[in-house]
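K.L.:
Pasting a structure here, questions to come.
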Amino acid sequence: MMLTISYMVLIAGCAICAALLFRQPEKLSDANKTRALLVTVGAGFIAIAGVTSLIVSPDNQDSETMLRLFNNLKNFIGLPLIASILLAFSLGKAFSRATWGRWVLVLFALFELLRRSGAGDTYAIALEVVTSIALCLSFVFGKQTLLKRDKASIRLPGILGAIFIGSSICLLGPHAIDPYAQSSDWHNISLGIGLALLGLAAGRWINSNQQLSPTSHSYKNTK
């Protein structure tokens, strides 16, 4: 029962994240629309993993393979993609969707290469740590992409969300640093809360960035 509730919290967190990103008072610029869309795609990967785990029972080999596939999509693609987008945003970089698509392919290739080489577990832990650090740094930087008056209202939920997500994947998740601390229930709940907070912060961040005049945008699009 608790596990079912935890998956529902995770799915709800993903939905809230996506809704808050696109709840904007004005039409988004191309760069901000790309950011919102791709963070939503990352959250969608995580939600798909949650829905699959909720409705599919690992009672045969095909079911186990499907569950493993979508959980790998969550851990090795969805979360790193979100962290990469927000870190690039904080540094004032706006890449094209095609560039982000190539980055997703790189993440797929790295996972498969290191899994086949027998370093999959080490890579999983390293990626979790890097993802957590990238999320935290995203809300420490970002001076040129948001208005000064909005810093506190964006950074507080952003850093809290990063802490919840970092704790979820590094301390409680399937590839936790300490295997004895793993907890599927609390991993899902912490991740769901973290994603909701991240959606709140990123939505405000995009809104603040929208209000900057075109001349104050010091970042450039990179193909």
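K.L.:
Quick one: what pairs do we get from segment 106-120, first residue free of Cβ contacts under 8 Å to residues at least 12 places away in the same chain, second open to solvent by less than 60 Å² (accessible area, probe 1.4 Å) and among the hydrophobic types (A, V, I, L, M, F, W, C), C-beta under 6 Å, 6+ apart or different chains?
P.N.:
Gly120/Leu114
K.L.:
Restrict the check to segment 56-67 and report whether at least one residue is open to solvent by less than 30 Å² (accessible area, probe 1.4 Å), touching a residue at least 12 places away in the same chain (Cβ under 8 Å) and under 19 Å from Leu200 (Cβ atoms).
P.N.:
No, there is no match, as no residue in segment 56-67 is open to solvent by less than 30 Å² (accessible area, probe 1.4 Å), touching a residue at least 12 places away in the same chain (Cβ under 8 Å) and under 19 Å from Leu200 (Cβ atoms).
K.L.:
Could you list, in sequence order, all residues of segment 159-205 that are outside any helix (DSSP H, G or I), in contact (Cβ under 8 Å) with a residue 60 or more places away in the chain and touching a Leu at 6+ places or on another chain (Cβ under 9 Å)?
P.N.:
Once the filter is applied, which keeps residues that are outside any helix (DSSP H, G or I), in contact (Cβ under 8 Å) with a residue 60 or more places away in the chain and touching a Leu at 6+ places or on another chain (Cβ under 9 Å), segment 159-205 yields Gly173, His175.
K.L.:
Given the conditions (1) of a type outside the set (Ser, Thr, Tyr); (2) touching a residue at least 40 places away in the same chain (Cβ under 8 Å); (3) open to solvent by less than 20 Å² (accessible area, probe 1.4 Å), and given that Val51 satisfies all but one, which numbered condition is not satisfied?
P.N.:
(3)
K.L.:
Given the conditions (1) within 20 Å of Cys136 (Cβ to Cβ); (2) open to solvent by less than 70 Å² (accessible area, probe 1.4 Å), and given that Leu91 satisfies all but one, which numbered condition is not satisfied?
P.N.:
(2)
K.L.:
Can you tell me which condition Ser117 does not meet? The list is (1) modelled with pLDDT of 95 or more; (2) farther than 24 Å from Ala196 by Cα, and all the others hold.
P.N.:
In the conditions (1) modelled with pLDDT of 95 or more; (2) farther than 24 Å from Ala196 by Cα, Ser117 misses (1) alone.
K.L.:
Of the residues that sit in segment 160-193 and are closer than 11 Å to Ser132 by Cα and among the hydroxyl-bearing types (Ser, Thr, Tyr), which one is most open to solvent (accessible area, probe 1.4 Å)?
P.N.:
By that ranking, first place goes to Ser167.
K.L.:
Only one of (1) within 17 Å of the chain's Cα centre (by Cα); (2) surrounded by 14 or more Cβ atoms within 10 Å (Cβ to Cβ); (3) not polar (S, T, N, Q) fails for Gly101. Which number is that?
P.N.:
(2)
K.L.:
A further question follows. Got at least one residue in segment 144-155 being modelled with pLDDT of 85 or more, over 18 Å from Asn72 (Cα atoms) and within 17 Å of the chain's Cα centre (by Cα)?
P.N.:
Among the residues of segment 144-155, at least one is modelled with pLDDT of 85 or more, over 18 Å from Asn72 (Cα atoms) and within 17 Å of the chain's Cα centre (by Cα), which makes the answer yes.
K.L.:
Further question on the same structure: Tell me, please, whether a residue that is in contact (Cβ under 8 Å) with a residue 60 or more places away in the chain, under 15 Å from Ala36 (Cα atoms) and either open to solvent by 30 Å² or more (accessible area, probe 1.4 Å) or assigned to a helix (DSSP H, G or I) (or both) can be found in segment 132-153.
P.N.:
yes
The values are calculated or read from the model by the stated rules, or taken from the named source; none is laboratory data. Being a predicted model, the structure only gives us computed values, none of them experimental. Note that each Cβ is placed from the backbone with ideal geometry, even for glycine, and that neighbours are counted across all protein chains shown. Keep in mind that these areas ignore ligands, DNA and RNA; they rest on the heavy atoms of the full protein, side chains included. Shrake-Rupley method; radii C 1.70, N 1.55, O 1.52, S 1.80 Å.
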